[in-house]
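See below for the structure under consideration.
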Amino acid sequence: MEVEKIKGLYLSYNDFKSNYDNDFKEWQIRFPDSREIDYLRYIDKQYKETLSFFQTHSEGDYIVLEEFVSIYEVDRLGNSLDYIASLYEYAGILRLRLHNFIKDESNENIYKILRTERSLIYGSKLDKYNIEPNVHDIFYHFLKVDEKEQVYYDSDKFKNFEISINRIFDFISKKNKTIYNKTESVSNNITNKIIWKDNKNNLLELFKTLKAVGKIDYKANNDTELLDLLNKYFDIKNE
């Protein structure tokens with residue numbers, strides 16, 4: 001079964017967690033000088049940008065997703081006015097439009113039509129609403145089509161996404177703390193310089209390898225900066 005995503009982001013925490021290591025490796029292939037902390041910063045930003053399409057409020061540290069979506073209502077003069085529809089109402093709008101679109105034709109993939117048919121999204125003579133495609137690209141994930149080809153709001157899936165979002169942000173926060181603590185631990189535990197009797201290039205390669213596999217982290221953009229950092233803690237005898 002294909003993993004479902006919103007704009008490239010996982011709907012499910014379990015899918016996010018099980019794919020995290022592979023996704024991070026692919027990120028490092030694209031950006032070989034990046035660190036895990038850079039990747040965490042990136043996915044944190046992506047999820048927050050996606051959340052900007054939702055109506056939300058906070059209960060302590062927990063983000064609550066409200067069951068509403070921003071669309072437009074067209075008045076008699078043709079002006080588009082901001083309108084906040086409940087997701088039940090949103091499903092009803094698309095249910096009517098879908099029924100009119102397919103009429104008496106049989107189609108085994110109604111959900112695909114709901115997802116891809118742009119004539120279902122823009123203004124319709126059947127109602128007074130306009131829906132932006134980028135909004136629909138997110139919220140169609142929380143609609144379901146029953147055996148009678150009727151569209152409904154899937155409240156369980158929406159709630160599970162809310163839980164997943166909060167767990168993903170917790171995961172990112174804990175990962176960041178772990179990386180920070182590793183870095184602090186390395187700095188605090190080294191009081192005297194360690195004698196390194198091998199070539200400096202081998203020391204550089206050792207630390208770059210440890211970073212690549214996620215065992216340590218450090219701030220250095222090139223070998224020169226890394227060597228400056230290592231010289232603080234190592235007495236390199238064989239230059």
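Hey, could you check region 50-88 for residues that are assigned to a helix (DSSP H, G or I) and either polar (S, T, N, Q) or open to solvent by 60 Å² or more (accessible area, probe 1.4 Å) (or both) and say which is farthest from N221 (Cα to Cα)?
Filtering first and then ranking leaves Y88.
Hey, does region 39-49 have a residue that's open to solvent by 80 Å² or more (accessible area, probe 1.4 Å), of a type in the set (V, I, T) and part of a helix (DSSP H, G or I)?
no
The values are calculated or read from the model by the stated rules, or taken from the named source; none is laboratory data. Just so you know, these numbers come straight off a predicted model, no measurement behind them. Ligands, DNA and RNA are excluded from the accessible area calculation, which covers all protein heavy atoms including side chains. Shrake-Rupley method; radii C 1.70, N 1.55, O 1.52, S 1.80 Å.
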